[in-house]
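The values are calculated or read from the model by the stated rules, or taken from the named source; none is laboratory data. Predicted model only: the values in this text are computed from it and were never measured. Using ideal geometry, Cβ is built from the backbone for each residue, glycine included, and neighbour counts are taken over all protein chains shown. SASA here: full protein model, heavy atoms, side chains in, ligands and nucleic acids out. Shrake-Rupley method; radii C 1.70, N 1.55, O 1.52, S 1.80 Å.
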Amino acid sequence: MNIKKKSILTAMTLSAVMALGACNSDEKTGGETEDKKDKLEEKIVVYSPHGKDILSKFEKQFEEKYSGVDVEWLDMGSQEILDRVRSEKNNPQADVWWGAPSTSFDQAKDESLLTPYKPSYASNLDDSFYDPDWNWSGTSQTPEVIMYNTKELSADEVPKDWDELLDPKWKDEIIIRYPLASGTMRTIFSAMIYRDFKDSDDPAKGYEWLTKLDQNTKEYSANPEMMYNKVAKGEGALSVWAMPDVVMLKENKNYPFDFVIPESGTPVLTEGIAVVKDAPHPKAAEAFYEFVNSPEAAKILAEEFYRIPTRSDVTDLPKWITDTEIKSMEIDWKVFQEKSDEWMKYWDENIKSGDKEIKE
């Protein structure tokens, strides 16, 4: 977990924010003067699992555009963010929560942790990419895949579907990000349970599947970087993770990684963004929300960080996005929201081999 802080500059009046926050200005500002309406706070605090590369880049760009605003960010897992925002409910510290599965935001909505905000680009989002009350909106789509070390395994050797990961030949070859702190891993594990649960209304077969996976798992890494490094070093040849991250590590950092899209289908997450309820810096929060979801930002995220945008008006996307065919699992995300905590608690208390959990 990394926190970035630096000196706070004096806030200044910014006419450019009119273009970013105009969608809600009439109903939010009432009889305010133009000067008061356009003035951002001198600071914004962002909670995000996106990692220091993305966060540092957009921190710099936002501060260049809004030179009176200092961006502070906290980098941690999406489930950790939900827990933190929940614990800070009576004294909010964050302004924007940038990055988490939609199910996490739905849970936060049900706990009254978010403030509705309808962005200026709302008409460019499909109905499935935002909360009906605008408590969150989607920023990117994230298919989950089987990741492998190309120095350890050839494309022909890699498991082609989820159930192949249970073959005893993969014992101690699988390294997994610790699921309880990770929205990505909670989604993958929940999807494995949901496959049978949707018909039986019983998680037993899903628990059995996770038990067999645990038997083949060498380690539950405390954070993504630990998992990446161990797979890259060949301490384990396989993992399950988000496709965009695998592509980024392969293309930008020369990790010996590639991926397989499971043949039977895969959960495709909608990653989102939200304004925290009672955010200390609400005007800056809305400006940041708009800024990191502009078409220009979406292009940067696609080209440099391998995120698949939800906005329909982003053009000239990279070939790996336009040419990749994804078979999406049919999932009732409401069930995930309602059952995920219960399922993960069972996994933690009854399935996980405690000696495989690596602490930071």
Post the alpha-carbon centroid distance, the stretch 217-255 to the stretch 176-192, in whole angstrom. 14 Å
Calculated from backbone phi, Karplus (6.51, -1.76, 1.60) coupling profile of the stretch 210-218 in Hz, x at Gly/Pro: 5, 5, 5, 5, 4, 5, 8, 7, 7
Relative contact order [Cα under 8 Å, 6+ residues apart], the stretch 210-331, whole percent: 25 percent
Give the ranking of 187, 324 by solvent-accessible surface, highest area first, calculated with a 1.4 Å probe. 324, 187
Antiparallel %, DSSP beta bridges [both residues in the chain], to 5: 65 percent
Provide the three semi-axes, in whole Å and in decreasing order, of the ellipsoid equivalent to the chain as defined by the square roots of 5 times the Cα gyration tensor eigenvalues. 37, 21, 19
Using a Cα-Cα cut-off of under 16 Å, which lysines could be cross-linked to residue 356, ignoring same-chain neighbours fewer than 8 residues away? 171, 212, 218, 230
Relative contact order (percent, whole number), the chain, Cα cutoff 8 Å, 6+ residue spacing: 25 percent
Roll a 1.4 Å probe over the protein chains and send me the accessible area per residue for the stretch 234-360 in Å². 45 Å²
With the Cα gyration tensor of the stretch 204-269 giving a ≥ b ≥ c as the square roots of its eigenvalues, does the rule (a/c under 1.5 for rounded; else a/b larger than b/c for prolate; else oblate) give rounded, prolate or oblate? oblate
Tell me, what % of the accessible area of the chain is carbon and sulfur with a 1.4 angstrom probe? 45 percent
Shape verdict for the stretch 43-97, please, from the Cα gyration tensor: rounded (a/c under 1.5), prolate (a/b greater than b/c) or oblate. oblate
Student exercise, the chain dipole from Lys, Arg, Asp, Glu Cβ charges, in Debye to nearest 20: 840 debye
For the stretch 239-279, what does the alpha-carbon gyration tensor say about shape, rounded, prolate or oblate, given a ≥ b ≥ c as the root eigenvalues, a/c under 1.5 as rounded, and a/b over b/c as prolate? oblate
The correct ranking of 148, 178 by accessible area at 1.4 Å, largest first, is 178, 148
